[in-house]
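Asks: To start, I am sharing the structure in question, which I have written as structure tokens.
The values are calculated or read from the model by the stated rules, or taken from the named source; none is laboratory data. All values reported here derive from a predicted model rather than from experimental measurement. No Cβ is skipped: glycine too gets one built from the backbone with ideal geometry, and neighbour counts run over all protein chains shown. Just the protein is used for accessible areas: all its heavy atoms, side chains included, with ligands, DNA and RNA removed. Shrake-Rupley method; radii C 1.70, N 1.55, O 1.52, S 1.80 Å.
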Amino acid sequence: MEGKVANSSVLEDDLENGGTGEDAVGFRPPGAGNIIELSSAVDRTLSFSRVFKSPPTPNEPKEYPAVQTLLLAYQSLGVVYGDLATSPVNVFSATNLTNVTAEDLLGTFSLMFWSLTIIVWIKYVFIVIHADDHGEGGTFALYSYLRRHINFRTKLTIRNTRWSTDESMRFSNRASPLRSKTKEFIERSIRAQNFITVIVLLGTCMVIGDGALTPATCVLSAVQGVQSLSPKITQDHVVLTSVAVLIPLFLFQRCGTSKVSFTFSPIMLLWLATNASIGIYNIFKYYPSILKAVSPHYIVLFSSRNAKTLWNLLGAVFLGITGAEAMFADLGHFNKQAIQWAFSFVVYPALIITYAGETAYLIKYPEKINNAYYSCLPRPVYWPMFVISTLAAVVASQSMISASFSIVKQSLTLGCFPRVKMVHTSSKHEGQVYSPEVNYALMILCVGLVIGFKGGVALANAYGVVVIWVMLITTLLTSLVMLVIWNSNILLVLGFLVPYVIIEGIFMTSMLNKIPQGGWVPFAISAILGTVMLSWTYGRSKKSVYEEEGKMSIGELNQKLSSTCIFRTPGICFFFTDLVDGIPPIIRHYIQHTNSVREIMVVVTIRTLPIKTVLPEERFVVGKLGVEGVYRCLVQLGYKDSLNMEGGGCTREIVAKLRGNEDTTAEQRKLHSASENETVFVMGRTILAANENDGWLARFTIEYLYSFLQKNCRSSVSALQVPPEKTMQVGMLYRL
């Protein structure tokens, strides 16, 4: 059963603004009598809710009991590790080696062993995984983590997750001189901020682009094995069978991560256990001394004999580690310790033994390298393993599907993706989410790729090509986190950055030859997604700049409300906005064209926190704007909370909070009287018009791309749950 719809942290744009104040640099209602008191209230809420905890690490996660962590580690097998765990099916057959010698095979196994160890185990499992943002992983989580410590001012940036009060909180450590210099450089340099923002957006698009390919290629590679049953089974039959497998897989996603993982985890555990058992059998039968190849000198020997062959071989070896980035991106569905336990004690040793067993078999039968995995299976278990491998291929698709949901959720939080429905499928784990729109878009794309390429070589070549670019971006961002946030010694930072840039750079160059042969597909998908995200981000940033420059001052609001032409209608008006430091220009527009304001007007901003729920007494933080009858209200919600303005319960809570904040009896009576009258909810709908002096690209982006996305993305009315019969939309043209 689906969970409640999460209150979107991106509630603005076409409803001017059911937005979130999460990203504002401090909640400061203009004219509030005591800004420090209001900020302190926010601090108390965050502290009470235990969003942030004290050192040793600035972003320390929630503690889990050992039994629960063990259960999560088991569940992660069916969601996180499918891509990594099924790689033995493809790696050796993709090497294209001819006239293979035992030394070549030992060098290949050594390369596989050290790639898994250095990139997946050391880099991701023990270093990168700690650079999470409230338990979320992936490139966008790294970006969000950085922005909570660095004040980004770039025009490409929509939201800032830092608050001015954060500096005094326990999770924010005092900067060292070195970290301050790096931080100050980034905060001064708009180019550096733009560069970081763009590579993060592109890296995110690349992960989603590869996510569309992973289910298609995994299922196809498994189903194609059925052609060995009969020559009458054609490629068209394989394509139709693959489509028949893919569609139910995507339809199953609505059940949530927990149900998916409990269904898939036994399959993956069986897959790993049987592969490891067969690997041990092959080692003892064909080449018992195979583990000597863990020595890296076998790689050196291979390279000295044929460096070009080794360079071409890297593209095949990389297929064995493509699931590492998905492992980090899926972190929000589980926790760090669960990911570490599952990989270190189950996945890693099983993969090493499986690759060792394949190598041992190939040393005896090198001519079988083009179908290495199925050839090395003992005859009695061939068909059972074929069935298990087909099921495992379906599971392998899950890691990138779940990662896509997490990435889109993070993008929504930062306002870099058009609004889509995001459902939290677990009340215990904030990161377990599902998006119907994203799910069905991926399904259509996957099915289209399978049918369009008919399972050909081009689709196989496309698999995993862009992931190496994402790994490089992750390396750069993690190095920045180490320097700016973790306060690591510069030698440690360089010790991480330099080797991994070199290693991943070599892998990247070896895969460039795949681009003309089908590797362009994920880049094309990434380019389309990048256009969507950059257009949305650019449009949102231009809107934010316009509102910041055109916001009303307290004096202007006082003057308008004091005019004899303005009629103060009895009742309360709740005006939703994402502008937290000032009064948005659309309120000026509203007053000018209606010539009336309710006797009580409350400007509401919504902030969604990365916790399950906020205590009722901490949910509303209020302040007076300094004008009679005008107030500001910050609504703080957890990811399982809902803001239901229907029925009057939520309205009464806000009024009670406002009355408790008032010192004078007259104001309290006025609030009570207004609450007895009609209540209206005002939303804004803004339309952006590009400046004629802007270049053609800027005008095209605003007037066509952004406008199209704005009209077709999900409205925030459903998330706000306001009564439609009491809702008013106010339209305004923003001429930039």
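Asks: When you check residue 333 against the structure, is it within 38 Å of the chain's Cα centre (by Cα), open to solvent by less than 10 Å² (accessible area, probe 1.4 Å) and farther than 30 Å from residue 359 by Cβ, yes or no? Give the steps one after another, and end with the answer.
Replies: On the way: within 38 Å of the chain's Cα centre (by Cα): yes; open to solvent by less than 10 Å² (accessible area, probe 1.4 Å): yes; farther than 30 Å from residue 359 by Cβ: yes.
Considered against the rule, which asks whether it is within 38 Å of the chain's Cα centre (by Cα), open to solvent by less than 10 Å² (accessible area, probe 1.4 Å) and farther than 30 Å from residue 359 by Cβ, residue 333 comes out as yes.
Asks: Report yes if some residue within the range 596-609 is modelled with pLDDT under 85 and open to solvent by 40 Å² or more (accessible area, probe 1.4 Å); otherwise report no.
Replies: no
Asks: So, one more: Hey, any hits in the range 611-633 for a residue that's under 30 Å from residue 707 (Cβ atoms) and buried (at least 19 other Cβ atoms within 10 Å of the Cβ)?
Replies: If we filter the range 611-633 for residues that are under 30 Å from residue 707 (Cβ atoms), which is where we start, we get none.
Checked against the condition, which is being under 30 Å from residue 707 (Cβ atoms) and buried (at least 19 other Cβ atoms within 10 Å of the Cβ), the range 611-633 yields no hits at all.
Asks: Identify the residue in the range 496-510 that is hydroxyl-bearing (Ser, Thr, Tyr) and under 15 Å from residue 309 (Cα atoms) and, among all such residues, is surrounded by the most Cβ atoms within 10 Å (Cβ to Cβ).
Replies: This residue is 510.
Asks: Also: Within the range 511-519, is even one residue modelled with pLDDT of 85 or more, buried (at least 19 other Cβ atoms within 10 Å of the Cβ) and either in a helix (DSSP H, G or I) or not aliphatic (A, V, I, L, M) (or both)?
Replies: no
Asks: Kindly check whether there is at least one residue in the range 542-560 that is at pLDDT below 90, within 24 Å of residue 128 (Cα to Cα), open to solvent by less than 50 Å² (accessible area, probe 1.4 Å) and among the small types (Gly, Ala, Ser).
Replies: no
Asks: Tell me yes or no: at least one residue of the range 161-171 is closer than 28 Å to residue 402 by Cβ and either in contact with a helix residue (DSSP H, G or I) (Cβ under 8 Å, 6 or more places away or on another chain) or at pLDDT 85 or above (or both).
Replies: Residues of the range 161-171 closer than 28 Å to residue 402 by Cβ: 161, 171.
Retained after the next criterion (residues that are either in contact with a helix residue (DSSP H, G or I) (Cβ under 8 Å, 6 or more places away or on another chain) or at pLDDT 85 or above (or both)): 161.
Yes, there is a match, as at least one residue in the range 161-171 is closer than 28 Å to residue 402 by Cβ and either in contact with a helix residue (DSSP H, G or I) (Cβ under 8 Å, 6 or more places away or on another chain) or at pLDDT 85 or above (or both).
Asks: Can you report the number of residues in the range 648-700 which are under 25 Å from residue 536 (Cβ atoms) and either open to solvent by less than 70 Å² (accessible area, probe 1.4 Å) or part of a strand (DSSP E or B) (or both)?
Replies: So in the range 648-700, the residues under 25 Å from residue 536 (Cβ atoms) come out as 682-700.
Now restrict to residues that are either open to solvent by less than 70 Å² (accessible area, probe 1.4 Å) or part of a strand (DSSP E or B) (or both): 682-691, 694-695, 698.
Residues in the range 648-700 being under 25 Å from residue 536 (Cβ atoms) and either open to solvent by less than 70 Å² (accessible area, probe 1.4 Å) or part of a strand (DSSP E or B) (or both): 13 in total.
Residues checked against (1) under 30 Å from residue 630 (Cα atoms); (2) in contact with a helix residue (DSSP H, G or I) (Cβ under 6 Å, 6 or more places away or on another chain):
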residue: 680; (1), (2): yes, yes
residue: 684; (1), (2): yes, yes
residue: 693; (1), (2): no, no
residue: 709; (1), (2): no, yes
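Asks: Using the structure shown, decide if residue 528 is open to solvent by 60 Å² or more (accessible area, probe 1.4 Å), at pLDDT 90 or above and closer than 30 Å to residue 118 by Cα.
Replies: Numbers: open to solvent by 60 Å² or more (accessible area, probe 1.4 Å): yes; at pLDDT 90 or above: yes; closer than 30 Å to residue 118 by Cα: no.
No.
Asks: Kindly list, by first and then second residue, each pair from a residue in the range 306-335 that is closer than 23 Å to residue 257 by Cβ and modelled with pLDDT of 85 or more to a residue that is open to solvent by 20 Å² or more (accessible area, probe 1.4 Å) and part of a loop (DSSP other than H, G, I, E, B), limited to pairs with Cβ atoms under 7 Å and residues at least 6 apart or on different chains.
Replies: Between residues of the range 306-335 that are closer than 23 Å to residue 257 by Cβ and modelled with pLDDT of 85 or more and residues that are open to solvent by 20 Å² or more (accessible area, probe 1.4 Å) and part of a loop (DSSP other than H, G, I, E, B), the close pairs are 331/135; 335/61; 335/64; 335/135.
Asks: Pairs only if they're at least six apart or on different chains, beta carbon under 7 angstrom, first in the range 719-736 and in contact (Cβ under 8 Å) with a residue 12 or more places away in the chain and farther than 26 Å from residue 421 by Cα, second open to solvent by less than 30 Å² (accessible area, probe 1.4 Å) and not hydrophobic (A, V, I, L, M, F, W, C); list them, first residue then second.
Replies: Close Cβ pairs satisfying both conditions: 734/543; 734/686.
Asks: Which residues, taken from the range 292-346, are among the β-branched types (Val, Ile, Thr) and part of a helix (DSSP H, G or I)?
Replies: At the first step, the residues of the range 292-346 found to be among the β-branched types (Val, Ile, Thr) are 294, 299-300, 309, 317, 321-322, 339, 346.
Answer for the range 292-346, where residues must be among the β-branched types (Val, Ile, Thr) and part of a helix (DSSP H, G or I): 294, 299, 300, 309, 317, 321, 339, 346.
Asks: Can you tell me which residue in the range 233-265 is surrounded by the fewest Cβ atoms within 10 Å (Cβ to Cβ), limited to those that are of a type in the set (Gly, Ala, Ser) and in a helix (DSSP H, G or I)? Please lay out each step first, then the result.
Replies: Taking the range 233-265 as the starting set, the residues that turn out to be of a type in the set (Gly, Ala, Ser) are 242, 244, 256, 258, 261, 265.
If we keep only those that are in a helix (DSSP H, G or I) as well, we get 242, 244, 258, 261, 265.
Details: 242: 26, 244: 11, 258: 17, 261: 26, 265: 21.
Top of the filtered list is 244.
Asks: In this structure, does residue 359 turn out to be modelled with pLDDT of 85 or more, polar (S, T, N, Q), part of a helix (DSSP H, G or I) and over 30 Å from residue 209 (Cβ atoms)?
Replies: Values: modelled with pLDDT of 85 or more: yes; polar (S, T, N, Q): yes; part of a helix (DSSP H, G or I): yes; over 30 Å from residue 209 (Cβ atoms): yes.
Criteria met by residue 359.
Asks: Can you find even one residue in the range 219-237 that is at pLDDT 80 or above and under 30 Å from the mean Cα position of the chain (by Cα)?
Replies: yes
Asks: Considering only the range 93-114, how many residues are within 33 Å of the chain's Cα centre (by Cα) and assigned to a helix (DSSP H, G or I)? Steps first, please.
Replies: So in the range 93-114, the residues within 33 Å of the chain's Cα centre (by Cα) come out as 93-95, 111-114.
Checking the rest, the ones that are also assigned to a helix (DSSP H, G or I) come to 93-94, 111-114.
Residues flagged as within 33 Å of the chain's Cα centre (by Cα) and assigned to a helix (DSSP H, G or I) within the range 93-114 amount to 6.
For every residue, the table says whether it meets (1) of a type in the set (Lys, Arg); (2) closer than 26 Å to residue 270 by Cα; (3) part of a helix (DSSP H, G or I); (4) modelled with pLDDT of 85 or more.
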| residue | (1), (2), (3), (4) |
| --- | --- |
| 403 | no, yes, yes, no |
| 411 | no, no, yes, no |
| 418 | no, no, no, yes |
| 440 | no, no, yes, yes |
| 447 | no, no, yes, yes |
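Asks: Could you tell me whether residue 309 is hydroxyl-bearing (Ser, Thr, Tyr) and open to solvent by less than 10 Å² (accessible area, probe 1.4 Å)? Spell out how you get there, then give the answer.
Replies: Details: hydroxyl-bearing (Ser, Thr, Tyr): yes; open to solvent by less than 10 Å² (accessible area, probe 1.4 Å): no.
Considered against the rule, which asks whether it is hydroxyl-bearing (Ser, Thr, Tyr) and open to solvent by less than 10 Å² (accessible area, probe 1.4 Å), residue 309 comes out as no.
Asks: Spot the failing condition for residue 487; the list is (1) under 26 Å from the mean Cα position of the chain (by Cα); (2) surrounded by 15 or more Cβ atoms within 10 Å (Cβ to Cβ), and only one is missed.
Replies: Among (1) under 26 Å from the mean Cα position of the chain (by Cα); (2) surrounded by 15 or more Cβ atoms within 10 Å (Cβ to Cβ), the lone unmet condition for residue 487 is (2).
Asks: Can you name every residue in the range 450-494 that is touching a residue at least 12 places away in the same chain (Cβ under 8 Å), within 30 Å of residue 244 (Cβ to Cβ) and either among the hydrophobic types (A, V, I, L, M, F, W, C) or in a helix (DSSP H, G or I) (or both)?
Replies: 450, 451, 453, 457, 458, 459, 460, 461, 462, 465, 466, 467
Asks: Another question, if that's okay. For residue 192, are the conditions met, namely being more than 21 Å from the chain's Cα centre (by Cα) and at pLDDT 75 or above? Spell out the reasoning first.
Replies: On the way: more than 21 Å from the chain's Cα centre (by Cα): yes; at pLDDT 75 or above: yes.
Spelling it out, residue 192 is indeed more than 21 Å from the chain's Cα centre (by Cα) and at pLDDT 75 or above.
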